[in-house]
Amino acid sequence: MNVIYNEYSAILIFFTLAFLISLIILILSYTLNPQQDDQEKVSAYECGFNPFDDARATFDVRFYLVAILFLIFDLEISFLFPWSLVLGQLSFFGFWSMILFLVILTLGFIYEWKKGALEWE
């Protein structure tokens, strides 16, 4: 059991030092820099001018649709990257399971395209 403590003691020391240094920097930033709020700091800021509309305005659903589609395809790419790294070491099943995944992804993309989800009008 002592061997485990000896191996991980360097990590514990590292985390302790990182915590202490960050705590010291945080305390110094509050003591050396006075926290005074002025009118400019607490005023509303929106592109250099005062806001003219309510912040809770509704957005068109297409913004959300594009964001969701981006997230879906971005996650698919994150599955492709590790697969491409070990492609030479994969078995027959590993290769064809990813090909099936890519076919399903392509069919989903074609379905979205045919439904007009990617058109902005």
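The values are calculated or read from the model by the stated rules, or taken from the named source; none is laboratory data. Bear in mind that the values here come from a model prediction, so they are computed numbers and not experimental data. Glycine also receives a Cβ, built like all others from the backbone with ideal geometry; neighbour counts cover every protein chain displayed. These area figures cover heavy atoms from the full protein model, side chains too; ligands, DNA and RNA do not enter into them. Shrake-Rupley method; radii C 1.70, N 1.55, O 1.52, S 1.80 Å.
Here the peptides 97-106, 26-35 are ranked by packing, the mean other Cβ count within 10 Å, and the order with the highest first is 97-106, 26-35. Remark: the chain carries 94 Å² of accessible area per residue (probe radius 1.4 Å; ligands, DNA and RNA excluded).
3J(HN,Hα) couplings calculated from phi for region 112-117 with the Karplus curve 6.51 cos²θ - 1.76 cosθ + 1.60 (θ = phi - 60°) are, in sequence order, 5, 5, 5, 6, x, 5 Hz; Gly and Pro show x.
One decimal place: the segment Ser22-Tyr64 gains 11.3 nm when fully extended, by the rule 0.36 nm per residue minus the C-alpha distance. The HN-Hα couplings worked out from phi for region 92-105 by the Karplus form 6.51 cos²θ - 1.76 cosθ + 1.60 (θ = phi - 60°) are 4, 5, x, 5, 6, 5, 6, 5, 4, 4, 5, 5, 5, 4 Hz, whole numbers, x standing for Gly and Pro. Between Phe79 and Trp120, the simple label model (points 7 Å from Cα in the Cβ direction) yields a spacing of 2.9 nm. Calculated [222 nm] ellipticity per residue, helices only, for the chain: -24000 deg cm²/dmol; basis is -39500 (n - 2.57) per DSSP H run with n ≥ 4, divided by all residues, nearest 500. Counting only protein heavy atoms and using a 1.4 Å probe, what share of the accessible area of the chain belongs to carbon plus sulfur, as a whole percent? Looking at the chain in its full context, I get 70 percent from C and S.
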